[in-house]
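Data block below; observations after.
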């Protein structure tokens, strides 16, 4: 188990290093969809990731956001900063470390009313050990990481 964790962390570190060489868009979008197509509002209202519906979309920060319902879409439009994930939806733990890495919408947490996504369940666990400390670091580093 310890060896597997070390391998995962090494792979994550190499991935981080490879990504920091390129310019980064302010919002991570996989195939043109923010949060890989998951509904950002549902994390707050249903306390779980919910796949969005292509019938309910909205353009914000030059990215398409999908929603599970018209109600969620309207909530997002009224206050996108409340529902959009921090650090553009990139991995929050990596942002705290000064890097930009894609996230897994199923590796998430809400802290102080803000949504944070992470690269994997293992990284999510590490993040959860010191959310406030990592958030403070990521808040300082994030503006220097995006284009």
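Every number here is computed from the coordinates shown, using simple stated rules; none is lab data. Not measured: the values here are computed from a predicted model. Every residue, glycine as well, gets a Cβ built from its backbone with ideal geometry; the counts of neighbours run over all protein chains shown.
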> Kirkwood Rh, the stretch 28-83, all Cα pairs: how many Å?
Replying inline: 10.7
>> Quick check on the exposure proxy: order 57, 136 from fewest to most C-beta atoms within 10 angstrom.
In response: 136, 57
> After finding the eigenvalues of the alpha carbon gyration tensor for the stretch 37-147, what semi-axes result from the square roots of 5 times each, listed largest first in whole Å?
Replying inline: 24, 15, 12
